[in-house]
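To start, the structure under review is shown below, and the notes come after it.
What follows draws every value from the coordinates through simple rules; no lab data is involved. Predicted model, so just to flag it, every value in this text is computed and none were measured. Cβ: placed from backbone, ideal geometry, glycine included. Neighbour counts: every protein chain shown.
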Amino acid sequence: ALADYAGKPVGVMVRSAAEMAAVLDANPFPDKAPNHTVVVFLDAAPPAGWRDGLVAPGGEEVRAGARELYIHYAKGIARSKLKLPAAASGTARNINTVTRLAAMARE
């Protein structure tokens, strides 16, 4: 149905309520601003060389999770020049949004 609507195949990643809660629990930046902290959801575990090609000129911090990459943008996302090839096939949401999605899934 999604492919029919979009006119092409659309990748979808699904997480259960428990998995969404685990994503929040695993946040390596719990004391950082949630609007400056992003979860990149991947369809599999980050590859062994996920740091390959990483360029973080603005002091961005990146940590790997189970099927996620966590990024803290110290100076905000808007002007970041972060390059993280391992995140290219994922979809990113900030912690505020992930928290709302986890609550929705729990309900």
**Asked** Of Asn94, Ser80, Tyr5, which is farthest on the positive side of the dipole of segment 1-106, counting Cα position, with +1 on Lys and Arg Cβ, -1 on Asp and Glu Cβ, and the Cα centre as origin?
**Response** Ser80
**Karplus-derived 3J(HN,Hα), 6.51/-1.76/1.60, for each residue of segment 9-19, Hz, glycine and proline x** = x, 10, x, 10, 10, 10, 10, 6, 4, 5, 5
**Alpha-carbon centroids, segment 68-107 and segment 9-64: separation in whole Å** = 6 Å
**Asked** If you average the sequence gap of Cα pairs under 8 Å that are 6 or more apart and divide by the length of segment 36-98, what percent do you get for the contact order?
**Response** 48 percent
**Request:** May I ask you to list the lysines whose Cα is less than 16 Å away from that of Lys75, ignoring any residue fewer than eight positions away on the same chain?
**Result:** Lys32, Lys83
**Solvent-free Debye scattering, log10 I(q)/I(0), computed from the Cα coordinates of segment 23-79 at q = 0.29 Å⁻¹** = -1.28
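May I ask you to order 80-86, 9-15 by the average number of other C-beta atoms within 10 Å around their residues, highest value first?
Details: 80-86: 15.6, 9-15: 10.3.
So the peptides 80-86, 9-15, ranked by packing, come out 80-86, 9-15.
Report the convex hull volume per residue for the chain, counting only C-alpha atoms, in Å³.
Working: hull volume 13.0 nm³, N = 107.
Per-residue hull volume (Cα only) is 122 Å³.
Can you give the direction-averaged projected area of the convex hull of the alpha-carbon atoms in segment 66-107, in nm²? Intermediate values should be presented prior to the final figure.
Values: hull surface 15.2 nm².
Mean projected area for segment 66-107: 3.8 nm², to one decimal.
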**Message:** Looking at the chain as a GNM with Cα springs under 10 Å, which of Gly90, Gly49, Gly58 has the largest mean-square fluctuation?
**Reply:** Gly49
**Request:** Report relative contact order for the chain in percent, whole number only (criteria: Cα-Cα under 8 Å, sequence separation at least 6).
**Result:** 33 percent
**Message:** With +1 assigned to the C-beta of every Lys and Arg and -1 to the C-beta of every Asp and Glu, and no other charges, what is the dipole magnitude of the chain about the Cα centre in debye, to the nearest 20?
**Reply:** 340 debye
**Request:** Sum -39500 (n - 2.57) across every DSSP H segment of at least 4 residues in the chain, then divide by the residue count to get the 222 nm mean residue ellipticity, nearest 500.
**Result:** -7000 deg cm²/dmol
